[in-house]
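These notes concern the structure reproduced below.
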Amino acid sequence: MAEAEYRGIRGTNFFLHDQPLLAWLKRRKAPKDAVERLTAFGELCGGKLDELIGEAHKDEKLPRLERYDRWGGRIDEIRYCPEQLDARRLVLQSEVLLPTPLWERLVKAYLVNQCGEGGVTCPLAMTDGLARLLEEHGTPEQKKRWLPLVRDPKSPTPLTGGQFVTEKQGGSVVSENETRAVAQKDGTWRLTGLKWFCSNPGELWVTTAKPEGSDTVALFLVPRLKPDGSLNDCHILRLKDLCGTRGKATAEVEYTGAYAELVGRPSHGLAILMKVVIATSRMHVAAGSLGMMRRAMLEAGAYARTRRVMGRPAAELPEVKRSLARIEALWRGAQAAFFEMIRALEDEDPVAEVLVPLLKIGISRAATEAVREAQLVFAGNGILRDFSILPRLSQDALIQEIWEGTHAVLAGHVEKALRRKDSRRAFEALVGRLPDLEGLALCEAGYAALTRSLSASGRKEAKVL
Ligand SMILES: Cc1cc2nc3c(=O)[nH]c(=O)nc-3n(C[C@H](O)[C@H](O)[C@H](O)COP(=O)(O)OP(=O)(O)OC[C@H]3O[C@@H](n4cnc5c(N)ncnc54)[C@H](O)[C@@H]3O)c2cc1C
């Protein structure tokens, strides 16, 4: 019998066949029009978008930096290939930002990440955080001026938001930022300093700096262009040579007296950054890693059903069955926990304080494991970049574990939340409620943080586990 050929799952609707997701939407009585939007988005992600992103990740199509115009004037522009720009535009047009409700935005983030980061989903996370920041803390003037730009699909870089916080001396401890901000008579500010990891340097970004004479980190908006239309006083020094998430550029940016606008009070900068901007990105990391897991699971299943070993489909071998089952268990557990995180956020349940950092750790770690297991199912073909999406997913999944806070940093946040009585009680009740399999990802991820927390407090065993 002729061997069936593996073709991958491109061309399927990423939403319509996701049974646990459909059941969850049914349980929560999701409005019909939202389900229709998700159906259309699932079609887009599984078809056109996956194709565009695949094309945009060919080596010769990756973003490049154009520093000067023909007369030697600085322009500092990132040039993206048409496929990358189309992909971003299509996603932006699919109502992925506020005022679309949080649950729908996160489900869309989950669906679109099934194409990998793709140069799309990191910009999406950061632009979502920027929109939320403007909505919650922008002045009426800032909202009027910047929100249309943030939502404009015709922007030179659709999904244009960035978050430039990390500096050369370290990213985890933001209070050690060295970038300085000087207030101007007209109420604007000028920034001087160097930001070391700047993903998606588009039209507008959120950044951190210390006002002169103070040791407090304040939050600012920096546009690429000054209000008079000239290039702002910040330069892209170089693009990072990344191993993954290569469809979006990550750069080093130097502020040399850059025009900036303050957001919120200077003394509230760090708190707003963590509660609004970084918290939004962390939810996206959980959603994104979950999407990467599902893609890995589906590709591994599709491959194992077509690949023949000793005269029968690889999927029938007990070892391969075990691998596929392991990936599915990881995904189901993580997905159940993800739904719980959304519920907690919607209900303003104190357990959300634990779940957001916990799932940033747990799901991103599980995604790396799931993608690797899927690559092992493919064996040799699992590492070929032109054979399947898996090599790209494996690099993207690793980066999900790092950006927006490493596991160690996030474990500290989980610990802090667990020290609050209401969050801890809510978390204990939640773990008790979840069936074993579904709670797996949550428990595994929580274990390290809880153990640390308990050993610090002198107790030996985690009561909730
Ligand atoms: C592809 C990519 C894109 C990125 N894009 C951006 C971006 O757009 N904007 C931006 O601002 N940043 C960005 N980052 C930076 C990212 O957020 C940082 O890498 C991350 O926050 C960690 O900072 P660091 O790399 O300086 O590590 P460090 O802070 O130097 O950490 C070094 C080690 O110390 C550990 N550590 C640190 N603090 C603690 C603690 N309190 N307790 C225990 N252990 C600790 C860490 O876990 C790590 O193992 C990006 C990173 C990558 C990989």
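The values are calculated or read from the model by the stated rules, or taken from the named source; none is laboratory data. Keep in mind it's a predicted model, so treat the numbers as computed, not measured. Ideal geometry is used to build each Cβ from the backbone, glycine not excepted, and the neighbour counts take in all protein chains shown. Accessible surface is based on the protein model in full, side chains and every heavy atom, while ligands, DNA and RNA are left aside. Shrake-Rupley method; radii C 1.70, N 1.55, O 1.52, S 1.80 Å.
Scanning region 218-230 for residues that are over 29 Å from the mean Cα position of the chain (by Cα) and on the phi < 0 side of the Ramachandran plot, which turns out most open to solvent (accessible area, probe 1.4 Å)?
Restricting to residues being over 29 Å from the mean Cα position of the chain (by Cα) and on the phi < 0 side of the Ramachandran plot, the top hit is 228.
Kindly evaluate residue 143 against the criterion of being among the basic types (Lys, Arg), open to solvent by 50 Å² or more (accessible area, probe 1.4 Å) and not in a loop (DSSP other than H, G, I, E, B). Answer is yes for this residue.
Would you mind stating whether residue 246 is within 11 Å of the ligand (Cβ to nearest atom), outside the structural domain of residue 80 (by TED's automatic domain parsing) and open to solvent by 10 Å² or more (accessible area, probe 1.4 Å)?
Judged against the criteria, residue 246 is a match.
Let's see how each residue does on (1) touching a residue at least 60 places away in the same chain (Cβ under 8 Å); (2) touching a helix residue (DSSP H, G or I) at 6+ places or on another chain (Cβ under 7 Å); (3) within 21 Å of residue 272 (Cβ to Cβ):
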{"residue": "126", "(1), (2), (3)": "yes, yes, yes"}
{"residue": "129", "(1), (2), (3)": "yes, yes, yes"}
{"residue": "144", "(1), (2), (3)": "no, no, yes"}
{"residue": "162", "(1), (2), (3)": "no, yes, yes"}
{"residue": "188", "(1), (2), (3)": "yes, no, yes"}
{"residue": "200", "(1), (2), (3)": "yes, yes, yes"}
{"residue": "206", "(1), (2), (3)": "yes, yes, yes"}
{"residue": "212", "(1), (2), (3)": "no, no, yes"}
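The rows are residues; the columns are (1) crowded, with 17+ Cβ neighbours inside 10 Å; (2) in a helix (DSSP H, G or I).
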| position | (1), (2) |
| --- | --- |
| 109 | yes, yes |
| 117 | yes, no |
| 133 | yes, yes |
| 136 | no, yes |
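Report those helices (runs of 4 or more DSSP H) wholly inside region 332-438 carrying at least 2 residues which are within 15 Å of the ligand (Cβ to nearest atom) and surrounded by fewer than 20 Cβ atoms within 10 Å (Cβ to Cβ). Write out each step before concluding.
Details: elements: 352-378, 390-402, 407-418, 421-433.
Result: 390-402, 407-418.
Between 290, 262, 270, which is hydrophobic (A, V, I, L, M, F, W, C) and open to solvent by less than 10 Å² (accessible area, probe 1.4 Å)? Steps first, answer last, please.
Details: 262 fails: open to solvent by less than 10 Å² (accessible area, probe 1.4 Å); 270 fails: open to solvent by less than 10 Å² (accessible area, probe 1.4 Å).
Sole residue among the options that is hydrophobic (A, V, I, L, M, F, W, C) and open to solvent by less than 10 Å² (accessible area, probe 1.4 Å): 290.
Say whether the condition of being in contact with a helix residue (DSSP H, G or I) (Cβ under 8 Å, 6 or more places away or on another chain), hydrophobic (A, V, I, L, M, F, W, C) and modelled with pLDDT under 95 is met by at least one residue in region 391-398. Within region 391-398, none of the residues are in contact with a helix residue (DSSP H, G or I) (Cβ under 8 Å, 6 or more places away or on another chain), hydrophobic (A, V, I, L, M, F, W, C) and modelled with pLDDT under 95. Of all the criteria given as (1) under 22 Å from the mean Cα position of the chain (by Cα); (2) on the phi < 0 side of the Ramachandran plot, the one not satisfied by residue 23 is (1).
Within region 153-170, the set of residues being within 11 Å of the ligand (Cβ to nearest atom), assigned to a loop (DSSP other than H, G, I, E, B) and surrounded by fewer than 20 Cβ atoms within 10 Å (Cβ to Cβ) comprises 166, 168, 169.
Checked against (1) of a type in the set (Ser, Thr, Tyr); (2) away from the ligand (no atom under 16 Å from the Cβ); (3) closer than 28 Å to residue 46 by Cα, residue 139 passes all but a single condition, namely (3).
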